[in-house]
Amino acid sequence: MSVTARSQREHLSWGRTPRLRPARVVRPAWTSDVPAALAAAAASGQRVLAYGQGRSYGDACLNEGGTLVDTQNLDRFLYFDPESGVLRAESGVTLAQILALVVPHGWFLPVTPGTKYVTLGGAVANDVHGKNHHAAGTFGRFVTRLALARSTGEVLELTPDDDLFRATVAGLGLTGLILWVEIRLHPIASDQIEGRSTKFSTLAEFFALSEAASARSPYVVSWIDTLRPEGRGLLMEGDHAPDGGLPEPGVSPPAARLAVPVDAPGWALSRPTVRAFNAAYYGRQRAKAVETRGHYEPFFYPLDAVRDWNRGYGRRGFFQYQFVVPFADGDAAVREILGRLAASGEGSFLAVLKTFGDVPSPGLMSFPRPGVTLALDLPNRGERTVRLLRGCDEIVRQSGGAVYPAKDACMTPESFRTFFPQWEAFAEHLDPAFSSSFWRRVTGEAASRH
Amino acid sequence: MTVLIVGATSAIAHQTARLFAAEGAALALAARNPDKLAAAAADLRARGAEAVHELAYDALDDDAHQRVVTEATALLGGIDAALVAHGVLPPAETVHTDADAALQSFTVNATSVIAVMTHLANTMEQQGHGTLAVISSVAGDRGRPSNYVYGAAKAAVTAFASGLRARLHGTGVEVVTIKPGPVDTPMIVGVHEPGLLAADPEGVGARIHRAMRRGEGVVYTPGYWRPVMAAVRSIPDRLFKRLDW
Ligand SMILES: Cc1cc2nc3c(=O)[nH]c(=O)nc-3n(C[C@H](O)[C@H](O)[C@H](O)COP(=O)(O)OP(=O)(O)OC[C@H]3O[C@@H](n4cnc5c(N)ncnc54)[C@H](O)[C@@H]3O)c2cc1C
Ligand SMILES: NC(=O)c1ccc[n+]([C@@H]2O[C@H](COP(=O)([O-])OP(=O)(O)OC[C@H]3O[C@@H](n4cnc5c(N)ncnc54)[C@H](OP(=O)(O)O)[C@@H]3O)[C@@H](O)[C@H]2O)c1
C-alpha cells in the first residue's frame, strides 16, 4: 500500500518546486471518456495538459490555473505478444508495470530512464533516454504506433510516418493526450546485469573510459562527485547477462523498502551530508575496476529503492538540471559548470555523467544530441539557485548544447529558442487547447484562451 | 480455474480479475458497455488469462441473469468461481424523493444480484463445488441519511448471501460477502466527500482475490471497517438519528 492514497495525490512535479496549482484535475477511467473530458475543458476556456506520474522535475507537467488530466486510471495493457515482443498499452501504464509483465517472458524495455515510475505517455512526451542512448537512441525510436486524442474531439492513430507523430514524440504533452502507445521490446535471457565499475579521478580520464566502454557495453553511466572540481567518479557499464534465469510470471520485483514519509528538514541534504555521501560512495570501491553482476533493479533504478526520496530536500523542494554539450566543447563546458557549482557551494547529491550517441530520434523536439550530458540536483535556495542555473545555461548556449525541458524550471525564453530552434515548426502541431506552465514560461504564451 | 465476473467493468472487480488472469485462469466477463468491456478484456488477455470471453449483461434486463450464467457455463465448461460486482451509487437528491429512481437503483444493487446469484448457486450446487462472491458494502450495515437507499439494497444483498452461505454449507459451495469501505473508483466521483480518504482499488481487489481463494465468509476491506461498523451499529437510534453523514 502506498503512503498517500492515489485519490490524495498532490499533482506537483518531482522537484516539488515550483508549486503551481491547476484549477481542476480530472481522472478519466477509460480512454473512451477522454474526448469528452478534453472537450469539456476546452469549452470552459481552460488550458489542458496530461499528467502522468509527475516524475518530471520542473514545470513541464504543471498547468497553473488550467485543467490537468491525470492518466493514472488509464492503466490497461491492450496487447502483448510474448513471441514477438510487441506491447500496446494505455498511456497511464508505468514502466514498472510493463517490467513486471514482460521480464518473466524474456523481454525488457528498449530504453529506460533512471526511474521505472514513469508512464508510457510521459516517456513518449519527453522522449526519454537511458544508459543505452549511445547504442539505442531514445524511447521514441521504439514506438511503432500511438493514438492521440485532440481537444477537437478527434482520435488519431499515428505512425512514425506522420508529422504529428514526430511532433508528439518529445512533444512535451502539447499536441494532445496520448491514449495508448505501442512499442517494440528488447529480448533478454535473464534478469541479471553483468558488467564492470571503474573509478576515474579526472574528467579527461572519464572521457577516455567512456569512449572505450561505449564501444563494448550497451549500458554506460557515470556518477561524479560535484564537490571536487577535478571530476572524480565511477563509471558503470553493463549488459543483460546471458544466464541467471528469469522470474516466474506473477512474481513482482522487489519493492521499495524505505520511504521518506514527510518533507525532511532542510539540512537533510545539505553540504556536509552530501560531502560525506560522496566520499563514502567514491571510497566504497577500493580497486580501480571491479566486475559487477546483479539484478537489473539496482543497476537501473537505484533511487527507486527509497520511495518519495524527493521529500528529502524539504519543503522548498529542489532543482534538477540536465544539459548536453557537443563533444568538441564537452570537456571545457563540463569543467566550467562543475567549477561554478563547486564555487557556489551547492553540492549535488547525485550527479550523473554520460555520453549521448548519434542515433537520431523521430521526435522533432527531442533533447538528446551527440555529446556529453550531465544531470544533477540542487536544493532550492530561491533566487540564488536560479541565478546559478541561468549562468550555467549561458555556458551551454555558447557551446551549442541544450538543457532538458523535463528537468528544467529556470531557462529563459531566449535560452529555449537557442536550444530548440525548431520550436516554431513544432508549434504548428500544438493542440489549440493544450498548454503547460513550462510552455507559457518559455514562449510567453497567455494562460487563458479568452 | 474458470471465473465469471458479473459487472466486469467495475474498477474493483478488474483488480481482482487481474490476479486471476496472472494465474492463468479462463475468464468470462459480463458487462453492459461493450467498449469498456473490450478494454478490460484486452488487459486481462495480455496479463496471461488462458481465455477471456466477453458477455453482454445489463442488470436491468430480467432475462440477462439466467442467460449470462448459461452462456458462461457453456463457454468455460463450468464455473469454479464467480464475482458479482455491478452496482450504482445513485445521487441522494434524486432517490430520496423519486420512488421510481429509488426502485431502479434497488434493482441494479439488490434484485438483479439476488437473481444472478440464485442461478449461480444452482449451477455450482449441481457441479458440487464453487466459490460465489458478491460485493456488498459497509453501507449495508446501517442506513445513513446520505445513502440509505443504496444501503438498504446492500443490506438485502448481505442478508441474502448470509442465508445462502448457510443453506449451501456442506455442498462444496462457498459464499463470500465483501464489504468495502469507500474505494477510489468512478462510482464515488462527485458523490463521495473529496476530503475523505478512499482506499486504493488495487488493495481491495487483492483482498477479494484472497478471500475467494480461501473461501472466506464475510470480509471487511480495509479490515478496520469491521470494528468501525460494529461501533456504528451499536449507536442507539435516538443518537444515530441526530447524525448528519
Ligand atoms: C529519479 C528520476 C530519474 C530520471 N531519469 C531520467 C533519465 O535517465 N532519462 C530521462 O530521459 N528522463 C529521466 N527522468 C525524467 C522522467 O523520465 C521524465 O520526466 C518523464 O517524462 C516522466 O514521466 P511521467 O509519467 O511522470 O510524466 P509527467 O512528469 O507527469 O509528465 C511529463 C510530460 O509528459 C506529458 N504527458 C504525460 N502523459 C501524457 C499523455 N498520456 N499524453 C500526452 N502527454 C503526456 C505531460 O503533459 C508532461 O509534459 C527521471 C526522473 C526521475 C524522477
Ligand atoms: N467504490 C466504493 O466506494 C464502494 C464501496 C463499497 C462497495 N462498492 C461496491 O463495489 C462494486 C463495484 O463498484 P466500483 O467501486 O468498482 O465502481 P465502478 O467502477 O463504477 O463499477 C460499477 C460497475 O457496475 C456496473 N453497472 C452499473 N449499472 C449496471 C447495469 N444496469 N447493468 C450492468 N452493469 C451495471 C457499471 O457498468 P458501466 O461501466 O457500464 O457503468 C460498472 O462496471 C459495486 O457493487 C459497489 O456498490 C463500492
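Under 5 Å between amide H atoms, partner at least 5 residues away or on a different chain: which partners does A:Leu78 have, H built in plane at 1.01 Å?
The answer is A:Arg88, A:Ala89, A:Glu90.
Lys and Arg at +1, Asp and Glu at -1: add these up for the other residues within a Cβ distance under 12 Å of B:Met212 and post the number.
Around B:Met212, the charge tally is 0.
At 222 nm, what value in deg cm²/dmol follows for the protein assembly as shown if DSSP H runs of at least 4 each add -39500 (n - 2.57) and the sum is divided by all its residues, to the nearest 500?
Theoretical 222 nm ellipticity from helices: -10000 deg cm²/dmol.
Take the alpha carbon atoms of region B:67-86, find their center, do the same for region A:197-225, and report the distance between the two centers in whole angstrom.
With region B:67-86 and region A:197-225 each reduced to a Cα centre, they are spaced 59 Å.
Peptide B:41-49: average number of partner chain Cβ atoms within 10 Å per residue?
Counting Cβ atoms of other protein chains within 10 Å of each residue's Cβ and averaging gives 6.
Determine, for each peptide in B:28-36, A:162-170, the mean count of other beta carbons within 10 angstrom over its residues, then list the peptides with the highest first.
A:162-170, B:28-36
Of all the Cα-Cα pairs you can form in region A:77-188, what percent are over 17 Å apart?
When every Cα pair of region A:77-188 is considered, 49 percent fall beyond 17 Å.
Determine the shape class of region A:349-450: with a ≥ b ≥ c the square roots of the Cα gyration tensor eigenvalues, call it rounded for a/c under 1.5, and otherwise prolate if a/b is greater than b/c, oblate otherwise.
Working: a/c = 1.99, a/b = 1.20, b/c = 1.66.
Oblate, because a/c is 1.5 or more while a/b does not exceed b/c.
Would you mind computing the Rg to Rh ratio of region B:2-240 from its alpha-carbon coordinates, Kirkwood style for Rh?
0.95
Checking the a/c ratio against 1.5 first, then a/b against b/c, what shape does the Cα gyration tensor give for region B:14-94?
oblate
Can you list the residues, at least 5 places off or on another chain, whose amide H is less than 5 Å from the amide H of A:Val372, using H built in the peptide plane?
A:Val325, A:Phe327, A:Phe356
State the Cα centre-to-centre distance between region A:404-430 and region B:172-231 in whole Å.
Their Cα centres are 47 Å away from one another.
Which ³J(HN,Hα) values in Hz, rounded to whole numbers, follow from the phi angles of region B:53-61 under the Karplus curve 6.51 cos²θ - 1.76 cosθ + 1.60, where θ = phi - 60° and Gly and Pro get x?
So the Karplus estimates, Gly and Pro as x, are 9, 10, 10, 7, 8, 10, 4, 8, 9 Hz.
Please give the average number of partner chain Cβ atoms lying within 10 Å of the Cβ of each residue in A:70-77, rounded to a whole number.
If you average over the peptide's residues, the count of other-chain Cβ atoms is 4.
How large is ³J(HN,Hα) for each residue in region A:68-77, as worked out from phi by the Karplus curve 6.51 cos²θ - 1.76 cosθ + 1.60 (θ = phi - 60°), to whole Hz, x for Gly and Pro?
So the Karplus estimates, Gly and Pro as x, are 9, 9, 7, 8, 4, 8, 8, 10, 9, 6 Hz.
Between A:Arg340 and A:Gln285, what's the calculated FRET efficiency when r is the beta-carbon distance and R0 is 25 Å? Round to 0.05.
0.35
Pull up the cross-link candidates among the aspartates and glutamates for A:Lys288, meaning alpha carbon to alpha carbon under 19 Å and not fewer than 8 places away within one chain.
Reachable aspartates and glutamates: A:Glu194, A:Glu205, A:Glu211, A:Asp225, A:Glu230, A:Glu237.
Return the distance in nm (one decimal) between the two label points of a simple spin-label model at A:Thr443 and B:Ala51, each offset 7 Å from Cα along Cα→Cβ.
5.2
Give the calculated FRET efficiency between A:Arg19 and A:Trp423 to the nearest 0.05, with a Förster radius of 25 Å applied to their Cβ-Cβ distance.
So, using R0 = 25 Å, E works out to roughly 0.40.
How large is the Kirkwood hydrodynamic radius of region A:192-410, in angstrom, based on all distinct alpha carbon pairs?
Numbers: mean 1/r = 0.0538 Å⁻¹.
Computed over region A:192-410, the radius equals 18.6 Å.
Which peptide among B:47-55, A:282-290 comes first, and what is the full order, when sorted by highest mean count of other Cβ atoms within 10 Å?
Per-residue mean Cβ counts within 10 Å order the peptides as B:47-55, A:282-290.
Hey, if you drop one equal point scatterer on each alpha-carbon of region B:65-184 and run the Debye formula without solvent, what base-10 log of I(q)/I(0) do you get at q = 0.16 Å⁻¹?
For region B:65-184 at q = 0.16 Å⁻¹, log10 I(q)/I(0) is -0.75.
Let me make sure I get this right: for region B:1-138, a, b and c are the square roots of the gyration tensor eigenvalues over alpha carbons, sorted descending. Under 1.5 in a/c it's rounded, otherwise prolate if a/b > b/c, else oblate. Which is it?
prolate
Among the GluC sites (Glu not before Pro) in region A:367-450, which ones are in a DSSP loop with at most 11 other Cβ atoms within 10 Å of the Cβ? Mind listing them?
A:Glu428
Quick one: what are the phi-derived ³J(HN,Hα) couplings along region A:406-414, Karplus 6.51/-1.76/1.60 with θ = phi - 60°, whole Hz, x for glycine and proline?
5, 10, 10, 9, 10, 4, 7, x, 5
In the P(r) worked out for chain A, what percent of Cα pairs fall beyond 42 Å? Please list the in-between numbers first.
Working: 9485 of 101025 pairs.
Roughly 9 percent, rounded to a whole number.
Looking only at other chains, what is the average number of their beta-carbon atoms within 10 angstrom of each beta-carbon in A:26-33?
Counting Cβ atoms of other protein chains within 10 Å of each residue's Cβ and averaging gives 4.
Give the value in nm², to one decimal: projected area of the alpha carbon convex hull of region A:3-150, averaged over all directions.
Projected area, direction-averaged: 9.5 nm².
At a Förster distance of 30 Å, what's the computed FRET efficiency of A:Asp162 paired with A:Asp358, Cβ-Cβ distance as r, to 0.05?
0.80
Between the DSSP loop rule and a limit of at most 14 other Cβ atoms within 10 Å, which trypsin sites (Lys or Arg not before Pro) in region B:184-245 are left?
Those that pass, being in a loop and sparsely packed, are B:Lys241, B:Arg242.
May I ask you to compute the full-extension gain from A:Thr273 to A:Thr412, defined as 0.36 nm times their residue separation minus their alpha-carbon distance, rounded to one decimal in nm? It would help to have the intermediate numbers written out before the result.
Details: separation 139, 0.36 × 139 = 50.04 nm, distance 3.16 nm.
Contour length minus Cα-Cα distance gives 46.9 nm.
Taking a threshold of 23 Å on the Cα-Cα distance, which of the pairs A:Lys199/A:Lys354; A:Lys116/B:Lys179; A:Lys199/A:Lys407 fall above it?
A:Lys116/B:Lys179; A:Lys199/A:Lys407
The numbers here are math on the coordinates, done by the rules we state, and not lab data. Computed from a predicted model, the values in this text were never measured in an experiment. Neighbour counts are summed over all protein chains in view; Cβ atoms, including those assigned to glycine, are modelled from backbone coordinates with ideal geometry.
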